[in-house]
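Undergrad: Dumping the structure here so I can ask a few things about it.
The values are calculated or read from the model by the stated rules, or taken from the named source; none is laboratory data. Only a predicted model underlies this, so the values are computations on that prediction, with no experimental measurement involved. No Cβ is skipped: glycine too gets one built from the backbone with ideal geometry, and neighbour counts run over all protein chains shown.
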Amino acid sequence: MIDKRVKSIAEAMQGIKDGSTVMFGGFGAVGHPAHLIDGLIEQGAKDLTLVGNNAGSGRVEPLVRLLAAGRVRKIICSFPRSAGSVVFDELHKAGKLELELVPQGTLAERIRAAGAGIPAFYTPTAYGTALAEGKEVREINGRHYLLEHAIRADVALVEAYQADRWGNLTYKLSGRNFNPIMAMAASLTIVQSQHMVELGDIGPEDVHTPGVFVQRVVHVPYGGPASNLATAG
Amino acid sequence: MIDKRVKSIAEAMQGIKDGSTVMFGGFGAVGHPAHLIDGLIEQGAKDLTLVGNNAGSGRVEPLVRLLAAGRVRKIICSFPRSAGSVVFDELHKAGKLELELVPQGTLAERIRAAGAGIPAFYTPTAYGTALAEGKEVREINGRHYLLEHAIRADVALVEAYQADRWGNLTYKLSGRNFNPIMAMAASLTIVQSQHMVELGDIGPEDVHTPGVFVQRVVHVPYGGPASNLATAG
Amino acid sequence: MTATAARAPATAEGVKPWSRAQAAARLAQDIPEGWCVNLGIGFPLLVSNFVKGREVIFQSENGIIGMGGLATAETIEPWLVNAGKQNVNLVKGASIVHHADSFGMIRGGHIDLCVLGAFEVAADGDFANWTTSLTDGVPAVGGAMDLAVGAKRLWIIMDHTSKDGRPKLLERCDLPLTAPKAVTRVYTNLAVLDVGPQGFEVLDMAPGLTMEELQAKTGAPLRRKAS
Amino acid sequence: MTATAARAPATAEGVKPWSRAQAAARLAQDIPEGWCVNLGIGFPLLVSNFVKGREVIFQSENGIIGMGGLATAETIEPWLVNAGKQNVNLVKGASIVHHADSFGMIRGGHIDLCVLGAFEVAADGDFANWTTSLTDGVPAVGGAMDLAVGAKRLWIIMDHTSKDGRPKLLERCDLPLTAPKAVTRVYTNLAVLDVGPQGFEVLDMAPGLTMEELQAKTGAPLRRKAS
């Protein structure tokens, strides 16, 4: 019987090595596997390269505590600096945290490419900007494109809404974001899921991530991301 | 009010020009928009380039009749020759139908690339084979890859299971196949749908093709593809 | 211009600059029913308040097609946020995709219009909106570069001048570009301008403003749009 | 070897070649529970009959993950076909993806095993299975080239010799390649062979067969696999 469920976050995080590249899902707090990142802090792996959209804010959330603990060598992301990204700012200014800044769509496509066996592709994004520096330019049908390479990971940390024992997943609403493509792009995909369901409960047409992409699932019924009703522009 | 529904197949096919590139969905008969291809025969556009997985079989189905009518200059596909592909074989042997033979995964990825704004990408598929002839080879991290270019279309013909007035679509089971990626890759995406549903009837997480990719929808409740219970290997 | 777009106070010279809401409403007038539109965070997001009665589909780059307004305490759904991480509602007909599909939609030319803010816009359509310095502090880029090159049209909405009165419409951008030759139209508190083959073309001006006054606040030559 | 895999008749020399079903069953023995497996049309598809009692996930390149057996008149679902366009069933836990995602899964290395038939397999892992001629008639390629380079393991199942008795295991392929250096193991009616660094290594032979007899039917040097 295929059973990818593990009993604890500690078990889910076993074997992550120093020097690993670790992807984490989420767009802000939504679809972000905060409990697994907490588990990664406990687990102890260091010299990590992180791949995700944001670099966290405040000083309390697990992603920020992982950074603050000096466990991350480099972060690949599109939006490191935001209101409250104080720890990232401090570490980066102090030269203690390398940044590879990638436009959000290029980041998503590079991750998807890794999962889909595409080593590199051309994109119009960032041509003619400072982020094109050092990148190969190619003209195709009169337009200029940059060559971008796939980003593979050793580990992907994913938040799902439902999971079954095969690792079939669904995501809730905009919690989907980077999670499905990261699940494809890593050798070891670890999932925290709000709900565990029986095999077959997710209809074949409703599976967002086939279990083939998933190695471990842990049940984390934490209730959902904090709300943000702020109306500020 | 956005309303992409049209009343007839004739109306759906309006404006397709001679010389157009036309994609058609389907893997064999499943998810194949046979009624729209019938409509294309009626509509009259000629000198077409077709893009799809198969080249039809027998002499009766619309795809084959479109070929037999001399309306197709070239076909880009992965599996033109199969038991019963007599019309394709005749035309191709007679030099009346050009073939671009593309491995199935490369075909799918080239179509997806067009829809996703990726002009070209590298793939390991077909490296070192006769189908690599004339293609750029690049070594990336010690492995060899071919450069492949996006395939865009003027028109995509798609079969859906459900559609609403915005053009949001679902596909049934393996009827999904090439349809979602072709819907993204054409300037004019025309859909024949088994069922028309009210806006909102398809849940936001259940839409397979967002209506943004669709221009016209026509209701064709034909009942489904013919079954094939053959057990022959 | 709708009743909800309150007028900004007249200036000393009798010119009545448009308020942010008025500029957003002016832009919204030019969005036809049926377009799929991505609005940047902040000023651009105001545009969504002024398309009532028309079906315009708002896309958010985190994978929402068919975004409604900001959520209220009654409608809140924790798993649903916009690009600014604010909780939002969905409209009927909405759909959800993952990030690669969302940016495939953007980069692939399926978004009719993107509206962004900017620090600077140049007469050839270059614009800068992502960082004021590559050396001082850490920039964030987000999805702006993808939206700029991918959407069928890129319109900028911004104040006509910076807080200290310097023109933001220029011959050339000084700041690091978000994308070259991308902007097709600019909406400010003073004017609506197309980026034409010869530079900025004025389509509309705030009440009481003359071409001379507008030119004085603009760092590149203006001409009237031939009608 | 299961009871359902009927034995082929013994040859004149006392050798008992495996039947197609036996070869398929022999291959199936080597598939551990939990693998995701893509089976080619024809001979390879027989393998699915011999994994009963273990959860093995069958993928079909037209977007099915979790394919069951062939459909019957009772279970038929017209919108569900395998890569050979035959109607099939789904198992509990199955999922459906579109063609680009299906081949992303294949090319991206997420399929544990692909089993294909072949015309020829070479001692360095080259193989040919898509066309016997590039000039005579029109070839079809389908998904074989993607599967060959993408799956974690490529096993070939085929008769050891052609119908006219010529070896299909060769030093080099004569026919147009499907992929270079792709095959890792071969199952025939006579033997199971690994493609090792020095060429074919015999893991198992049909009852009564000697290495000399097997070598006589093989177009490349054989050695026993070191155990």
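Undergrad: Condition first: among the small types (Gly, Ala, Ser), in contact with a Leu (Cβ under 6 Å, 6 or more places away or on another chain) and surrounded by 21 or more Cβ atoms within 10 Å (Cβ to Cβ). Can you find one or more residues in the range A:52-68 that meet it?
TA: Step one: filter the range A:52-68 for residues among the small types (Gly, Ala, Ser), giving A:52, A:55-58, A:68.
Narrowing further to those that are in contact with a Leu (Cβ under 6 Å, 6 or more places away or on another chain): A:56.
Of the ones still in play, those that are also surrounded by 21 or more Cβ atoms within 10 Å (Cβ to Cβ) are A:56.
Yes, because at least one residue in the range A:52-68 is among the small types (Gly, Ala, Ser), in contact with a Leu (Cβ under 6 Å, 6 or more places away or on another chain) and surrounded by 21 or more Cβ atoms within 10 Å (Cβ to Cβ).
Undergrad: With the condition kept exactly as written, say whether any residue in the range C:95-105 is among the charged types (D, E, K, R), modelled with pLDDT of 95 or more and either touching a Pro at 6+ places or on another chain (Cβ under 9 Å) or crowded, with 19+ Cβ neighbours inside 10 Å (or both). Before the answer, list the steps.
TA: So the first thing to find is which residues in the range C:95-105 are among the charged types (D, E, K, R), and the list is C:101.
Next cut, modelled with pLDDT of 95 or more only: C:101.
Then drop every residue that is not either touching a Pro at 6+ places or on another chain (Cβ under 9 Å) or crowded, with 19+ Cβ neighbours inside 10 Å (or both), which leaves C:101.
Yes - at least one qualifying residue is present in the range C:95-105.
Undergrad: I'm told C:Asp112 meets every condition in (1) charged (D, E, K, R); (2) without any contact (Cβ under 8 Å) to a residue 40 or more places away in the chain; (3) within 11 Å of chain B (Cβ to nearest Cβ) except one. Can you identify the failing condition by its number?
TA: That leaves (2) as the condition not met.
Undergrad: Would you check which residues across the range B:94-105 are under 20 Å from D:Pro176 (Cα atoms) and more than 7 Å from every other protein chain (Cβ to nearest Cβ) and list them?
TA: B:Glu100, B:Val102
Undergrad: Turning to a different aspect of this structure: Select the strands (runs of 3 or more DSSP E) contained entirely in the range C:166-227, then report the ones holding at least 2 residues which are over 19 Å from the mean Cα position of the chain (by Cα).
TA: Values: elements: C:185-187, C:191-196, C:199-205, C:222-224.
Ranges flagged: C:222-224.
Results for (1) over 24 Å from C:Pro44 (Cα atoms); (2) in contact with a strand residue (DSSP E or B) (Cβ under 9 Å, 6 or more places away or on another chain); (3) of a type in the set (Lys, Arg), shown as yes or no for each residue.
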residue	(1), (2), (3)
C:Tyr187	no, yes, no
C:Thr210	yes, no, no
C:Lys217	no, yes, yes
C:Pro221	yes, yes, no
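Undergrad: Here's something else I'd like to know. Can you spot a residue in the range B:88-96 that is modelled with pLDDT under 95, at negative phi and aromatic (Phe, Trp, Tyr)?
TA: Checking the range B:88-96: at least one residue is modelled with pLDDT under 95, at negative phi and aromatic (Phe, Trp, Tyr).
Residue-wise test of (1) at the interface with another protein chain (Cβ under 9 Å from one of its Cβ atoms); (2) buried (at least 21 other Cβ atoms within 10 Å of the Cβ); (3) in contact with an Asp or Glu (Cβ under 7 Å, 6 or more places away or on another chain); (4) polar (S, T, N, Q).
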{"position": "D:Ile76", "(1), (2), (3), (4)": "yes, no, no, no"}
{"position": "D:Gly108", "(1), (2), (3), (4)": "yes, yes, no, no"}
{"position": "D:Leu116", "(1), (2), (3), (4)": "no, yes, no, no"}
{"position": "D:Glu120", "(1), (2), (3), (4)": "no, yes, yes, no"}
{"position": "D:Trp130", "(1), (2), (3), (4)": "yes, yes, no, no"}
{"position": "D:Leu134", "(1), (2), (3), (4)": "yes, no, no, no"}
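Undergrad: Only one residue in A:Ile16, A:Ile9 is touching a residue at least 60 places away in the same chain (Cβ under 8 Å), hydrophobic (A, V, I, L, M, F, W, C) and farther than 15 Å from A:Ser193 by Cβ. Which one?
TA: On the way: A:Ile9 fails: farther than 15 Å from A:Ser193 by Cβ.
Exactly one of A:Ile16, A:Ile9 is touching a residue at least 60 places away in the same chain (Cβ under 8 Å), hydrophobic (A, V, I, L, M, F, W, C) and farther than 15 Å from A:Ser193 by Cβ, namely A:Ile16.
Undergrad: Which of the numbered conditions does A:Ala126 fail, given that it passes all the others? Conditions: (1) touching a residue at least 24 places away in the same chain (Cβ under 8 Å); (2) among the aliphatic types (A, V, I, L, M); (3) outside any strand (DSSP E or B).
TA: The one condition A:Ala126 does not meet is (1).
Undergrad: If you don't mind, there's one more thing I want to ask. From the list D:Lys92, D:Lys152, which residue is basic (Lys, Arg), within 14 Å of chain A (Cβ to nearest Cβ), surrounded by fewer than 24 Cβ atoms within 10 Å (Cβ to Cβ) and not in a loop (DSSP other than H, G, I, E, B)? Show your work before the answer.
TA: Working: D:Lys152 fails: not in a loop (DSSP other than H, G, I, E, B).
Step by step, each of D:Lys92, D:Lys152 is checked, and only D:Lys92 is basic (Lys, Arg), within 14 Å of chain A (Cβ to nearest Cβ), surrounded by fewer than 24 Cβ atoms within 10 Å (Cβ to Cβ) and not in a loop (DSSP other than H, G, I, E, B).
Undergrad: Would you check which residues across the range B:129-151 are surrounded by fewer than 20 Cβ atoms within 10 Å (Cβ to Cβ) and touching a residue at least 24 places away in the same chain (Cβ under 8 Å) and list them? Step through it out loud before you land on a result.
TA: Start the filter on the range B:129-151 by keeping residues that are surrounded by fewer than 20 Cβ atoms within 10 Å (Cβ to Cβ), which leaves B:130, B:132-144, B:147, B:149.
Listed by number, the residues that qualify are B:Leu147, B:His149.
Undergrad: Here's something else I'd like to know. Looking for whichever is away from every other protein chain (no Cβ under 12 Å), buried (at least 18 other Cβ atoms within 10 Å of the Cβ) and touching a Phe, Trp or Tyr at 6+ places or on another chain (Cβ under 7 Å) here; the options are A:Ile9, A:Ile37, A:Ile118. Which one fits?
TA: Details: A:Ile9 fails: touching a Phe, Trp or Tyr at 6+ places or on another chain (Cβ under 7 Å); A:Ile118 fails: away from every other protein chain (no Cβ under 12 Å).
Being away from every other protein chain (no Cβ under 12 Å), buried (at least 18 other Cβ atoms within 10 Å of the Cβ) and touching a Phe, Trp or Tyr at 6+ places or on another chain (Cβ under 7 Å) holds for just one of A:Ile9, A:Ile37, A:Ile118, which is A:Ile37.
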